[in-house]
Every structure is written in C-alpha cells, then in structure tokens.
Amino acid sequence: MPISGTEMDGLDSPQALMEVAAGFMKSRALLTACELDLFTRIGHGERTSSDVARDLGTDPRATDRLMNVLCTLGVLRKRAGRFQNAPAARRFLAQGGPESIGGIMHWVHLWESWGTLTAAVRKGRSVSERPVDSRGAAWLRAFIAAMHWRACQHAPAVVASLDLTNVARVLDVGGGSGAYAMEFVRAAPGIRATVLDLPSVLPLTAEYLRPSGLQDRVSLVEGDYNRDGLGQHFDLVLLSAIIHSN
C-alpha cells in the first residue's frame with residue numbers, strides 16, 4: 001500500500017505543521033535537563049530554582065526559565081515558587097532508581113548527529129560518523145546503557161519465541177551489555193553464551209554481567225565483527241541492533 005499523507009494524519013493546518021517543526025524545542029529542554037542531571041538533584045523533595053542552580057553550577061535566571069519550561073512539559077511541578085519532580089520524572093528520569101531510563105545521555109549524544117541530517121541527505125552518507133573507540137568513555141558508557149535498557153525490554157520475548165531444543169552454544173555478536181546472552185542462558189540450564197565485542201566494550205559487559213551471577217555461563221571474547229572471524233561450533237548466532245547500523 002503506498003504511503004501518503006491525508007487530513008486524517010492531523011497535519012491539515014499551518015498550526016499543526018508548525019507544531020511538528022517546533023518539536024525539537026521540547027526535546028532540547030528535556031535533554032538539557034537530563035544532561036545537567038536536574039531531575040536527580042530535585043529527587044523526592046521540593047526545591048527552588050536558585051537552589052538547583054547552585055548545585056548544578058548554572059546561571060540562576062536561565063535555570064529558572066528551563067525549570068518553568070519543564071513544568072509546561074509535565075515533568076516538573078511548581079507550587080509557591082518551589083519545584084518538584086512529577087511522578088514520571090521521579091520514576092524514570094532521576095538516576096539511581098530501579099526504573100530509571102538507562103542511557104538517556106545517549107539521546108543527548110544523538111542530538112549532535114541528527115543535527116547533520118541535511119548534510120547527510122545531500123551527500124548520501126553520514127557526515128558525523130566516528131569509530132566507537134574514538135568517541136570517548138562517557139559516550140560509550142551512555143551508548144551501552146541505552147542498548148542495555150532497550151535489550152531488557154525485548155530480550156525475554158525474543159528468546160521465548162525461539163525453539164532452543166537443540167541449542168547449547170549461543171554467540172551474541174556485538175552483544176554490548178550481554179542482556180541477550182544472559183536471557184538465553186536463563187532460558188535453559190544447558191545453554192552457554194559468548195558475547196563478542198570490542199575490547200573497550202567488554203569491561204562494561206562485565207559490569208552488567210557481575211550482578212547476574214552468570215559469569216560461569218557467559219564468556220566474553222574480544223573482536224570486531226567487521227573484521228574478525230566469529231568462531232565455530234555455535235548453534236545459534238544473534239545479531240541485535242547490528243544490521244540497522246551497517
């Protein structure tokens with residue numbers, strides 16, 4: 001069926017189109033708050049914008065403006081000049097809680113590459129792509145955290161959908177945090193999994209693996225799937241979040 005726009009899409013007026021065009025403003029305000037870790041600073045209490053600015057080392061007037069914008073987005077609430085996190089911000093955006101969105105900083109980093117979209121369309125290729133190893137430890141940690149958070153949402157359903165009757169050895173190519181590898185070994189006691197990833201990534205994989213207690217069933221192997229062999233004698237090879245980036 002051909003893709004086409006209709007009035008049913010809701011984009012049937014200049015105002016609706018301008019709202020889409022201005023969507024980046026809301027995104028930037030939210031990402032800036034996450035980049036500053038503002039929601040964590042507010043925590044479960046109520047704070048003035050000047051208190052938050054002092055903690056963050058930011059300009060008090062600009063911080064107050066940002067926090068008022070965040071109120072219009074529904075992630076902060078304001079009462080008698082004091083701000084508090086809305087329930088969703090407290091659960092998902094303040095760091096350290098069990099439900100906090102892992103890797104939100106990765107979306108901050110994506111802002112930079114999406115800003116080059118016009119040039120990429122003109123050239124027909126990325127104009128900002130750099131090797132993973134050249135982007136710095138902070139970028140890599142945020143990226144792996146984002147991939148881990150997403151993988152944890154999907155891995156149980158993906159693994160449950162597969163027939164693992166004759167599967168004993170699984171290779172997770174570019175496995176990142178090892179979320180899928182861990183889910184495979186949890187699915188059946190006889191399964192062992194191997195995560196193949198870059199030397200810079202595997203220390204982070206080990207951090208995610210350690211609390212699981214599955215170190216004896218998940219092994220880590222250094223390698224670049226663009227250049228190196230994948231090994232032999234695996235019954236199942238998984239490529240997750242790999243194909244679309246290549």
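The values are calculated or read from the model by the stated rules, or taken from the named source; none is laboratory data. Bear in mind that the values here come from a model prediction, so they are computed numbers and not experimental data. Backbone-built Cβ (ideal geometry, glycine too); neighbour counts: all protein chains shown. Remember, those area values only see protein heavy atoms, side chains included, never the ligands or the DNA or RNA. Shrake-Rupley method; radii C 1.70, N 1.55, O 1.52, S 1.80 Å.
Being closer than 18 Å to residue 140 by Cβ and touching a residue at least 24 places away in the same chain (Cβ under 8 Å) is a property that holds for residue 222.
Filtered by the rule that a residue be open to solvent by less than 70 Å² (accessible area, probe 1.4 Å) and part of a strand (DSSP E or B), segment 227-246 gives 236, 238.
Selection of helices (runs of 4 or more DSSP H) fully inside segment 1-120 by the criterion of at least 3 residues being touching a helix residue (DSSP H, G or I) at 6+ places or on another chain (Cβ under 8 Å) and buried (at least 18 other Cβ atoms within 10 Å of the Cβ) returns 23-36, 38-42, 49-56, 60-73, 104-114.
Which one is most open to solvent (accessible area, probe 1.4 Å) among residues in segment 190-204 that are touching a helix residue (DSSP H, G or I) at 6+ places or on another chain (Cβ under 8 Å) and outside any loop (DSSP other than H, G, I, E, B)?
Taking segment 190-204 and keeping what is touching a helix residue (DSSP H, G or I) at 6+ places or on another chain (Cβ under 8 Å), we get 191-195, 197-198, 200-201, 204.
Still in the list and also outside any loop (DSSP other than H, G, I, E, B): 192-195, 197, 204.
Working: 192: 108, 193: 2, 194: 17, 195: 0, 197: 18, 204: 18 Å².
Only one residue tops the list, namely 192.
Can you pull out every residue in segment 140-153 that is surrounded by fewer than 18 Cβ atoms within 10 Å (Cβ to Cβ) and without any contact (Cβ under 8 Å) to a residue 60 or more places away in the chain? Correct list: 149, 152, 153.
What residue, among those in segment 83-100 that are without any contact (Cβ under 8 Å) to a residue 40 or more places away in the chain and not hydroxyl-bearing (Ser, Thr, Tyr), is farthest from residue 68 (Cα to Cα)?
Of the residues in segment 83-100, the ones without any contact (Cβ under 8 Å) to a residue 40 or more places away in the chain are 86-88, 91-92, 97-100.
From what is left, the residues that are not hydroxyl-bearing (Ser, Thr, Tyr) are 86-88, 91-92, 97-99.
Values: 86: 13, 87: 17, 88: 17, 91: 20, 92: 19, 97: 24, 98: 27, 99: 25 Å.
Checking each candidate, the answer is 98.
Residue 141 meets the conditions (1) at pLDDT below 90; (2) more than 23 Å from residue 98 (Cβ to Cβ); (3) not polar (S, T, N, Q) in every case but one. The failed one is (2).
Among 168, 160, which is the only one that is small (Gly, Ala, Ser), out of contact with any strand residue (DSSP E or B) (no Cβ under 9 Å at 6 or more places or on another chain), surrounded by fewer than 18 Cβ atoms within 10 Å (Cβ to Cβ) and under 30 Å from residue 235 (Cβ atoms)? Walk me through how you get there before you give the answer.
On the way: 168 fails: out of contact with any strand residue (DSSP E or B) (no Cβ under 9 Å at 6 or more places or on another chain).
The match here is 160.
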